[in-house]
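These notes are about the structure you will find just below.
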Amino acid sequence: MPVHRSGSGTTRRSRFAALGTLLAALSLLLTLPGAATAADSPTATTTPARGSATMGMGVIAHDGQGGLPRDTRAVQTEGVDVSSHQGNVDWATLWNSGVRWAYTKATEGTYYTNPYFAQQYNGSYNVGMIRGAYHFATPDTTSGATQANYFVDHGGGWSRDGRTLPGVLDIEWNPYGDQCYGKTAAAMVSWIRDFVNTYKSRTGRDAVIYTATSWWQACTGNNAGFAATNPLWVARYNTTVGELPAGWGYYTIWQYTSSGPYVGDHNHFNGALDRVQALANG
């Protein structure tokens with residue numbers, strides 16, 4: 001006589017239901033923001049902390065990276081740019097490697113100053129380099145004039161000592177949100193104009209503009225209105241400098257790598273050391 005196992009079908013159905021519930025929960029978990037690990041999603045990124053932006057931090061992500069520049073017959077003078085990420089810099093080592101000029105991040109927006117600015121800015125000067133300061137722009141937080149004043153008031157000024165370069169407006173991809181900071185091309189051009197006009201009224205010098213061609217095209221409409229007054233510092237990590245933003249027929253500085261020897265991003269100044277001195281002298 002067959003044995004009747006009372007409730008066995010109910011038990012199996014309960015197990016299947018529990019398994020289904022578990023699978024549904026796992027599926028939901030994997031769809032939650034931030035659930036994937038870096039290994040699961042190598043392109044996933046997190047928004048950096050305000051103040052942590054550095055010159056050229058978006059170049060590789062947006063424009064890619066190629067080889068180092070080829071040797072040419074044109075004379076170039078090696079320089080670096082640094083920020084708080086480098087901490088206390090060994091300037092003597094950089095000098096001995098052939099670096100002759102340096103730019104240090106001074107400010108960002110109106111909410112950040114580089115805690116290593118004095119060591120970096122004065123240290124490069126004391127070892128014999130020609131030095132300058134740069135400002136990382138955040139056009140979505142305050143006006144161009146407000147940020148230019150903040151920059152000048154916190155290390156971004158200029159003095160006619162023959163070894164201080166004019167300040168730099170670092171205007172590039174927004175690491176904290178929309179790449180153009182939520183501005184139309186016309187509004188971005190107006191913001192930049194506000195900054196450089198205020199900087200000149202405060203210091204008597206035209207600020208250098210640091211940017212990447214692709215960002216400039218996307219976010220200013222490839223405006224050609226600054227080339228006559230503001231020297232160009234272009235970012236491109238490849239064997240050649242490539243296309244320049246509209247209006248500029250040549251670059252003054254080319255940031256060609258973010259992984260140069262020793263420390264900092266490395267750059268070519270377009271000319272011999274006397275041309276770097278000429279920019280410093282105004």
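The values are calculated or read from the model by the stated rules, or taken from the named source; none is laboratory data. Here the structure is a predicted model, which is why all the values come from computation and not from measurement. Neighbour counts are summed over all protein chains in view; Cβ atoms, including those assigned to glycine, are modelled from backbone coordinates with ideal geometry. Heads up: the accessible areas ignore ligands, DNA and RNA and are worked out on the full protein's heavy atoms, side chains in. Shrake-Rupley method; radii C 1.70, N 1.55, O 1.52, S 1.80 Å.
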- Query: On full extension of the chain, what length is gained from residue 273 through residue 146, given 0.36 nm per residue of separation minus the C-alpha to C-alpha distance?
  - Reply: 42.4 nm
- How much of the accessible area of region 178-282, in percent, comes from carbon and sulfur atoms when a 1.4 Å probe is used? 47
- Message: I'd like the distance between the alpha-carbon centres of region 180-202 and region 90-105, rounded to an integer number of Å.
- Response: 31
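I'd like the FRET efficiency for residue 93 and residue 126, computed as 1/(1 + (r/R0)^6) with the beta carbon distance as r and R0 of 22 Å, rounded to 0.05. Before the final figure, lay out each step's value.
Details: r = 14 Å, r/R0 = 0.63.
With a Förster radius of 22 Å, E is 0.95.
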- Query: For residue 196, what is the net charge nearby, where nearby means another residue's Cβ is under 12 Å from its Cβ and Lys, Arg count +1, Asp, Glu -1?
  - Reply: +2
- Query: Which distance in Å, rounded to a whole number, links the C-alpha centroids of region 126-154 and region 211-253?
  - Reply: 19
- Note on the structure: Along the dipole axis of region 140-282 (charges at Cβ: +1 for Lys and Arg, -1 for Asp and Glu; origin at the Cα centre), the most positive-end residue among 164, 266, 188 is 164
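Can you compute the FRET efficiency between residue 179 and residue 201 using 1/(1 + (r/R0)^6), with r the Cβ-Cβ distance and R0 = 22 Å? Round to the nearest 0.05.
Details: r = 29 Å, r/R0 = 1.33.
FRET efficiency, residue 179 to residue 201: 0.15.
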- Quick one: putting +1 on the C-beta of Lys and Arg, -1 on the C-beta of Asp and Glu, what dipole do you get for region 176-276 around its Cα centre, in Debye to the nearest 20? 220
- Message: Between residue 61 and residue 193, how high is the FRET efficiency from 1/(1 + (r/R0)^6) when r is the Cβ-Cβ distance and R₀ = 30 Å? Nearest 0.05.
- Response: 0.60
- Note on the structure: Restricted to region 159-282, the DSSP antiparallel beta bridge percent, nearest 5, is 30
